[in-house]
């Protein structure tokens, strides 16, 4: 059963039960409810199978339900689905909100998508079920518009050459949106006191506002001593002048450029860059903004929660992004602060060698599939390159990313000989991209159309762009499918995890890694749930494939531990 839902901005809303086809009208009378939270909770608990909620945008409605203690099993996110369908038609740049989708159906001017503010931590909590953000014209029946757009989306999916795949992609993209809201609400367990300790160990005591931490200040002074005059290491222009002053002019201050220079100034600059990034990206200001400290008794450890604002499908390949906070790149230096609450544990599941395994599955290359049936795919490949596992890894990455220079060239030739179907799969994607075409992932996520190369002033620049786009499409067919694998895993985990009064669940997700925070007594049951989700993910995506997608699962109290 599907139920379309819109909120009224005052805690209530309207519900419409929909059929499993693609009707333009509800199959039962529209129901007005004064307490939307209670209505959704009751529908989730009624019957043997929970409904699939149809709403305009998960980010607009689900956070309020989660804050009220209600979690739903399934949904259809109209905005995310519209973005997928527009992308399939190579119309990535067009607005995809409910209002935009409805306007296109009625040949009306298409409004821009509503702007979403950058994440500002967790201080601000909006009122329950805020006013509608769907960009529909004033006075439009929002529920009727939602039902109409939903029916149109289902028709468009049914008309595709492989509708089952796009239907699955829309379902797991929507499930990802549910998981993103839940993770943002629950937060990654974080110890503010440990974070402060780590920063103090690395940077020195916390400085006053506007001042550098002691270690950075000392490095800046030593840089000035080597150059012979004061230099601001935070200014690229001054660093360039300093490098020229010491007789080693460089074209940029990028680390890899500086590393090629043999001069005593370089190690100081590189160390300063490293620590300055830590201070700006995950320093004390970040800690105060993004980590919400939980109330506790005196003498107990200070517990907190890092609550990032995830953007589902924020990258064209389907990978996620965040609105501030940098959740997708927690540096190793501060991972000691990520610690389970007392009596709880972190369960980590990391998919190793995911992209080459995906290539084996989507290409149908029997030889690569046989290698991917092993626990360590690279070790299996190493047999063909002098038992050098690292060279085998370089060769496979060269195949997927299009690297043809240096040590990769002979390895790539070996890969072509051993795994011709796999290499042809990515080669064909590269040729399509270089020719100005689009490629699709396993489930149908579509690459953006390239720029108009004919309008490029310089022919050489146009050729460079063609080759670059070919490298992009080469990797897109693999990376986008790997992102789909991760989405299916998230959706399966939400179904397989034990539902207990103690709570617990997924609290962190980045590309091919999932972290769960659960009571210690549920650790073994959680590991078994991960194993079931892993099996379901492979079967749902690729059926009876010999390719294995092993997850390295660990149970720890600290994220820095393996």
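None of the figures in this text is laboratory data; all of them are computed from the coordinates on show. For clarity, every value in this text was computed on a predicted model and none was experimentally measured. Neighbour counts are summed over all protein chains in view; Cβ atoms, including those assigned to glycine, are modelled from backbone coordinates with ideal geometry.
At 20 °C and 1.002 mPa s, grab the translational diffusion coefficient of the stretch 254-302 from Stokes-Einstein with a Kirkwood Rh over Cα pairs, rounded to a whole number in µm² per second. Write down the numbers at each step before the final one.
Numbers: Rh = 13.7 Å.
Rounded, D is 156 µm²/s.
Stretched out straight at 0.36 nm per residue, the stretch from residue 427 to residue 499 would grow longer than its current Cα-Cα span by 21.4 nm. Rounded to 0.05, the FRET efficiency of the residue 263 and residue 73 pair, given R0 = 56 Å and the Cβ-Cβ distance, is 0.40.
Where a ≥ b ≥ c are the square roots of the eigenvalues of the C-alpha gyration tensor, would you call the stretch 264-369 rounded, which needs a/c under 1.5, or, failing that, prolate if a/b is larger than b/c, or oblate? Note, shape of the stretch 264-369 comes out oblate. Each label was represented as a point 7 Å from its Cα along the Cα-to-Cβ direction; for residue 158 and residue 32 these points are 3.2 nm apart. The slack between residue 321 and residue 234, meaning 0.36 nm per residue of separation minus the straight C-alpha distance, is 28.7 nm.
Highest mean first, the peptides 152-165, 392-405 sorted by other C-beta atoms within 10 Å per residue fall in the order 392-405, 152-165.
Could you check the spin-label model distance between residue 414 and residue 89? Points 7 Å from the Cα along Cα→Cβ, value in nm. So the two model labels end up 4.8 nm from each other. Please state the shape class of the stretch 2-159: rounded when a/c is under 1.5, otherwise prolate if a/b exceeds b/c and oblate if not, all from the C-alpha gyration tensor. It comes out oblate by the Cα gyration axes.
The P(r) of the chain has a tail past 33 Å containing 52 percent of all C-alpha pairs.
Reported to the nearest whole Å, the Cα centre-to-centre distance from the stretch 54-82 to the stretch 331-355 is 27. Above 21 Å, the calculated P(r) of the stretch 355-476 contains 41 percent of its Cα-Cα pairs.
Dividing the helix sum by the residues of the chain, where each DSSP H run of 4 or more adds -39500 (n - 2.57), gives a mean residue ellipticity at 222 nm of -15000 deg cm²/dmol. The spacing between the stretch 498-562 and the stretch 474-492, judged by their C-alpha centroids, is 16 Å.
Taking a ≥ b ≥ c as the square roots of the eigenvalues of the Cα gyration tensor, an a/c ratio of 1.5 or more together with a/b larger than b/c marks the stretch 195-285 as prolate.
The mean sequence separation of alpha-carbon pairs under 8 Å and at least six residues apart, normalised by the residue count of the chain, gives a relative contact order of 15 percent. Using 0.36 nm per residue and subtracting the Cα-Cα separation, the extra length available between residue 451 and residue 107 on full extension is 121.1 nm.
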